[in-house]
Amino acid sequence: MASEQIGYRGPTACAAAGITYRQLDYWARTGLVEPSVRPAHGSGTQRLYSFRDVVVLKIVKRFLDTGVSLQNIRTAVQHLRERGFRDLERMTLMSDGATVYECTSPDEVHALLQGGQGVFGIAVGVVWRDVESALSQLHGERIDTGETLVGHNPADELARRRNNRAV
């Protein structure tokens with residue numbers, strides 16, 4: 001099943017991104033990272049996050065852990081949002097603590113390092129794989145039917161269907 005057809009409830013998104021539910025709620029209410037599958041509509045409704053949303057949540061967490069201000073993180077997330085989160089997994093995000101830079105080639109990373117100031121980077125592909133691994137152990141939800149999926153690695157889903165047919 002394609003990951004675009006799976007959504008993740010708040011507690012699952014928190015577990016995969018390594019954040020608290022309070023952070024998740026605050027970031028959703030302030031527009032930092034809103035659930036793209038299903039926003040909350042009043043009390044009692046469940047937000048549903050996409051895989052990419054969870055990757056962005058983990059990126060935000062990594063930036064916060066390294067001391068980047070929430071305002072600078074907001075600017076970076078807005079930039080990613082404007083790009084439509086395309087090529088996210090091939091991107092390296094660098095920061096000097098004040099500004100976040102998008103680097104899509106080794107030359108751009110090298111040029112930034114040549115500036116002589118301290119910078120750190122987040123290889124988004126690594127975060128992407130971390131989130132994939134975490135979510136493969138957690139519950140997802142089919143967007144179309146609401147069916148709960150456990151450990152829904154797409155390859156596992158295909159194997160389950162084959163086994164069901166063989167019985």
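The values are calculated or read from the model by the stated rules, or taken from the named source; none is laboratory data. Predicted model, so just to flag it, every value in this text is computed and none were measured. Virtual Cβ from ideal backbone geometry, glycine too; neighbours counted across all protein chains shown. Each accessible area value is taken on the protein alone, full model and side chains, heavy atoms only, with ligands, DNA and RNA left out. Shrake-Rupley method; radii C 1.70, N 1.55, O 1.52, S 1.80 Å.
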Is region 131-144 home to any residue that is assigned to a loop (DSSP other than H, G, I, E, B), closer than 22 Å to ASP25 by Cα and open to solvent by 50 Å² or more (accessible area, probe 1.4 Å)? yes
Hits in region 91-109 - residues which are at pLDDT 80 or above and not β-branched (Val, Ile, Thr): MET91, LEU93, MET94, SER95, TYR101, GLU102, CYS103, SER105, PRO106, ASP107, GLU108
I need the full set of residues from region 1-26 which are assigned to a helix (DSSP H, G or I) and under 19 Å from VAL127 (Cα atoms), in order please. SER3, GLU4, GLY10, PRO11, THR12, ALA13, CYS14, ALA15, ALA16, ALA17, GLN23, LEU24
Among the hydrophobic types (A, V, I, L, M, F, W, C), open to solvent by 10 Å² or more (accessible area, probe 1.4 Å) and either in contact (Cβ under 8 Å) with a residue 24 or more places away in the chain or touching a Ser or Thr at 6+ places or on another chain (Cβ under 9 Å) (or both): is that true of VAL54 in this structure? no
Counting only residues that are outside any loop (DSSP other than H, G, I, E, B) and surrounded by 17 or more Cβ atoms within 10 Å (Cβ to Cβ), how many does region 27-37 have? 2
Looking at region 57-95, which of its residues are open to solvent by 50 Å² or more (accessible area, probe 1.4 Å), more than 19 Å from SER36 (Cβ to Cβ) and either in contact with a Phe, Trp or Tyr (Cβ under 7 Å, 6 or more places away or on another chain) or among the charged types (D, E, K, R) (or both)? ARG62, ASP65, THR66, ARG90
Candidate set from region 101-110 (those that are part of a strand (DSSP E or B) and open to solvent by 30 Å² or more (accessible area, probe 1.4 Å)); member that is nearest to PHE51 (Cα to Cα): GLU102
One residue from THR45, THR75 being free of Cβ contacts under 8 Å to residues at least 40 places away in the same chain, of a type in the set (Ser, Thr, Tyr) and outside any loop (DSSP other than H, G, I, E, B): THR75
Quick check on region 45-56. Is at least one of its residues under 27 Å from ARG142 (Cβ atoms) and out of contact with any helix residue (DSSP H, G or I) (no Cβ under 9 Å at 6 or more places or on another chain)? yes
With the checklist (1) open to solvent by 40 Å² or more (accessible area, probe 1.4 Å); (2) touching a Lys or Arg at 6+ places or on another chain (Cβ under 8 Å); (3) modelled with pLDDT under 90 in hand, flag the one item MET1 doesn't pass. (1)
For HIS41, all conditions in the list (1) modelled with pLDDT under 80; (2) under 30 Å from GLY140 (Cα atoms); (3) surrounded by 14 or more Cβ atoms within 10 Å (Cβ to Cβ); (4) not small (Gly, Ala, Ser) hold save one; what is the number of the exception? (3)
